[in-house]
Amino acid sequence: MAPIWHRYGDAALALVLACVATVELLVWGGAPAVSSLLLVLLSTVPLAVRRTAPLVSFVSVQVGLHLLTHANPGFDNDSMAFVVAYFLSLYSVGRHSTGTEAWLAAAGVVVAMGDFIAGEGSDPGDVAFVLALVGAPYAAGLTLRLRREREVVLNARNEALRAEQEEVARRAVTEERSRIARELHDVVSHAISVTVLQARGARWQLGRSEQDVRRALDAIEQTNTAALGDMRRLLAVLRDTDTYPATPPRPQPSLQHLDALAREVSASGVTVNVELEGSPVSVPPGVDLSAYRIIQEALTNVLKHAGPAHATVRLAYGSEALVVSIRDNGVEAPVPTGSGHGLIGIRERVAVVGGEVTAGPCPDGGFEVRARLPYAFEPS
């Protein structure tokens, strides 16, 4: 319905006004002259292009109405079509003219005011009446146009800002995945190296000590099982990460270094307590590394955003998964849920090991990050 009206509505309105004005002219003064009928068309038909050519429409309508009034004195006081065409042309030129046309339209409105005042008189009351009567439709159209232009500008800015934020988040995810891939690469490489050494040791023990060979084979099985899970995680990351810069090999952190991390953060102003639930078990290296990085990232967020606070790191060792929670009692949430590079990194770490994570304010104040990290990787 709306597109049809926008396409044909102005033409239909101009035709209706032309018919009404012709009928009014017939009723008002009998059979009108041909020149009056032509002036009626000049005063109404240009309204069909009031959106596409607002200045041309305005000038044509104003000139046609001015000449029609001089050819038929008093007709303007009795014609409804005359009034509608007059005010609609003023509104349309303010609403739809832009650029140079807008300045020419303003000059045309001033001329129309002068013509109206010349016909009504120069009394201050008449001048005020003209300013209100002639200026109001034009001002209404101009106000709506300026408001619409401002909305377009603001929408464009919002769209650009949204695109920029999405790009920043995308780059953050890519960088985090690249870093995870590098670390998992080191973990898997270490596991393969250990396996090679264990296989060599088992070969040297063949025929000498069956018990030592069995222990070496058991170690190879355990190491390769963990390495296989880490390799799957690495491949899952590399599906979304084409390349990443090479970095020199360095020891990877693990939960064995958690006490040192807690002391470091405590020295920076946030007291950290570490609590353990269940019996600590040997977790796969990739899960171990991810858990450490998650805790490190969460504590960094506490330092940055929570102000003076106390943080509790809890490790719950289960039979199938390790549950890590980092909770603080800061007066402000470290990072609003769903935003910030810190939570992006945490979510990527959890996704790599096929786990689950929640982050948000606590009911009694503070902020908590909770992640479940399964020992066995289950690709989605």
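The values are calculated or read from the model by the stated rules, or taken from the named source; none is laboratory data. In this text, all values refer to a predicted model and were calculated from it rather than measured experimentally. Cβ placement follows ideal geometry from the backbone for every residue including glycine, while neighbour counts extend to all protein chains displayed. Keep in mind that these areas ignore ligands, DNA and RNA; they rest on the heavy atoms of the full protein, side chains included. Shrake-Rupley method; radii C 1.70, N 1.55, O 1.52, S 1.80 Å.
Overview of results
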quantity	calculated
Failed condition for Ser266, given (1) part of a helix (DSSP H, G or I); (2) in contact with a strand residue (DSSP E or B) (Cβ under 9 Å, 6 or more places away or on another chain); (3) open to solvent by less than 20 Å² (accessible area, probe 1.4 Å)	(3)
Of the criteria (1) of a type outside the set (A, V, I, L, M); (2) open to solvent by 30 Å² or more (accessible area, probe 1.4 Å); (3) not in a strand (DSSP E or B), which one Gly286 fails	(2)
Checking Ala172 against (1) open to solvent by 70 Å² or more (accessible area, probe 1.4 Å); (2) at pLDDT 70 or above; (3) within 44 Å of the chain's Cα centre (by Cα), the condition it does not meet	(1)
Looking only at region 18-32, and only at residues there that are open to solvent by 70 Å² or more (accessible area, probe 1.4 Å) and either in contact with a Gly (Cβ under 9 Å, 6 or more places away or on another chain) or in a helix (DSSP H, G or I) (or both), the one that is modelled with the lowest pLDDT	Trp28
Helices (runs of 4 or more DSSP H) wholly inside region 33-135 containing at least 2 residues that are over 26 Å from Val23 (Cβ atoms) and within 51 Å of the chain's Cα centre (by Cα)	54-71, 80-96, 100-120
Single condition Leu261 does not satisfy, out of (1) open to solvent by 20 Å² or more (accessible area, probe 1.4 Å); (2) of a type in the set (A, V, I, L, M); (3) more than 20 Å from Gly355 (Cα to Cα)	(1)
